[in-house]
Amino acid sequence: RLGAVVFSSLTTYLIYLIGRDVFKSEPAGAWGALLVNVTPIFSIGAILMTTDVLFIFFWVLAVYCLARALNGRTFWWYLSGLVIGLGFLCKYTMVFMYLSLFLLLVSSKAERRWFLRPEPYIMGLISLIAVTPVIYWNISHGQVTIRHTIGQAHLGSGGISLASLGDFFGSQAALATPLIFIGLIYGLARCAVKGWKEAKSGLLLVFFAGAPLFLFFAIKSLHAKVQANWAVAAYVA
């Protein structure tokens, strides 16, 4: 279990750095680091060596690297690609980080310039190289983990169930505690409003690193049961 403690500690520190740098506030970083450690899902996960421990670490590290990359530093773009690739090796959910980045670049007038720069594309290539082992392994083993993931997601089966959606929100509130859960939703909404109004890319990054992933699993819960831990990365932002 030592790995869980070590990586959870590193995740806590990265959350502090993101809060400090994006919000230009030491207290914001400190409160973020504190809050994540009083939520049941994180405090329990901090002593259980699961795939989520590594996945969350790389997710947080990717957010931090992208925040630095958006300031125009080429090195951080390339490091982001490597981090996202390594995160994908831990859990396929990591691919949502590219969706978050795409939505950020599309929605921010100031950041659309990156579509015409080579850095994001080289970043994607680096990620692809990093995930080559798992792609090759699936090709040579009958796509077993891909088929397992499809089965877990219940693709191609089930109908619409509001009860399942209620179960999803109930489980999320339980994992974060109801008060913190409400605060997190409010915080994401504030980041979206201030980010667009004041054209702050850091705030938009925080919003898109959380909202799309959470919304995806909320919609998915209408179709089939979503495990409580699947959306946990959304809480990082």
Look through the stretch 97-106, keep the residues that are under 22 Å from Leu54 (Cβ atoms) and surrounded by 19 or more Cβ atoms within 10 Å (Cβ to Cβ), and return whichever of them is farthest from the chain's Cα centre (by Cα).
-> Leu101
Among residues belonging to the stretch 115-131 that are under 21 Å from the mean Cα position of the chain (by Cα) and open to solvent by 70 Å² or more (accessible area, probe 1.4 Å), point out the one that is farthest from Gly202 (Cα to Cα).
-> Ile129
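Okay, residues lined up against (1) closer than 18 Å to Phe7 by Cα; (2) open to solvent by 20 Å² or more (accessible area, probe 1.4 Å); (3) aliphatic (A, V, I, L, M):
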{"residue": "Leu34", "(1), (2), (3)": "yes, yes, yes"}
{"residue": "Thr39", "(1), (2), (3)": "yes, no, no"}
{"residue": "Ile47", "(1), (2), (3)": "yes, yes, yes"}
{"residue": "Thr50", "(1), (2), (3)": "yes, yes, no"}
{"residue": "Leu54", "(1), (2), (3)": "yes, yes, yes"}
{"residue": "Val60", "(1), (2), (3)": "yes, no, yes"}
Does the stretch 69-83 contain at least one residue that is without any contact (Cβ under 8 Å) to a residue 40 or more places away in the chain, under 25 Å from Ala176 (Cβ atoms) and open to solvent by 20 Å² or more (accessible area, probe 1.4 Å)?
-> no
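Ala199: in a helix (DSSP H, G or I), loosely packed, with under 15 Cβ neighbours inside 10 Å and in contact (Cβ under 8 Å) with a residue 60 or more places away in the chain, yes or no?
Numbers: in a helix (DSSP H, G or I): no; loosely packed, with under 15 Cβ neighbours inside 10 Å: yes; in contact (Cβ under 8 Å) with a residue 60 or more places away in the chain: yes.
In short, no.
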Tell me, please, whether a residue that is charged (D, E, K, R), farther than 30 Å from Thr74 by Cα and open to solvent by 80 Å² or more (accessible area, probe 1.4 Å) can be found in the stretch 107-114.
-> no
How many residues does the stretch 185-216 hold that are under 26 Å from Ile160 (Cβ atoms) and modelled with pLDDT under 90?
-> 0
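Of all residues in the stretch 204-213, which are in a helix (DSSP H, G or I) and either out of contact with any Phe, Trp or Tyr (no Cβ under 8 Å at 6 or more places or on another chain) or farther than 12 Å from Leu70 by Cβ (or both)?
Leu205, Val206, Phe207, Phe208, Ala211, Pro212, Leu213
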Being of a type outside the set (Val, Ile, Thr) and surrounded by 13 or more Cβ atoms within 10 Å (Cβ to Cβ) is the filter; apply it to the stretch 14-27 and report the residue that is modelled with the lowest pLDDT.
-> Phe23
Hits in the stretch 8-34 - residues which are under 19 Å from the mean Cα position of the chain (by Cα) and of a type in the set (Lys, Arg) = Arg20
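The values are calculated or read from the model by the stated rules, or taken from the named source; none is laboratory data. These numbers come from a predicted model, not from an experiment. Reconstructed Cβ throughout: ideal geometry from the backbone, glycine too, with neighbour counts over all protein chains shown. Please note that ligands, DNA and RNA were not included when accessible areas were found on the heavy atoms of the full protein model with its side chains. Shrake-Rupley method; radii C 1.70, N 1.55, O 1.52, S 1.80 Å.
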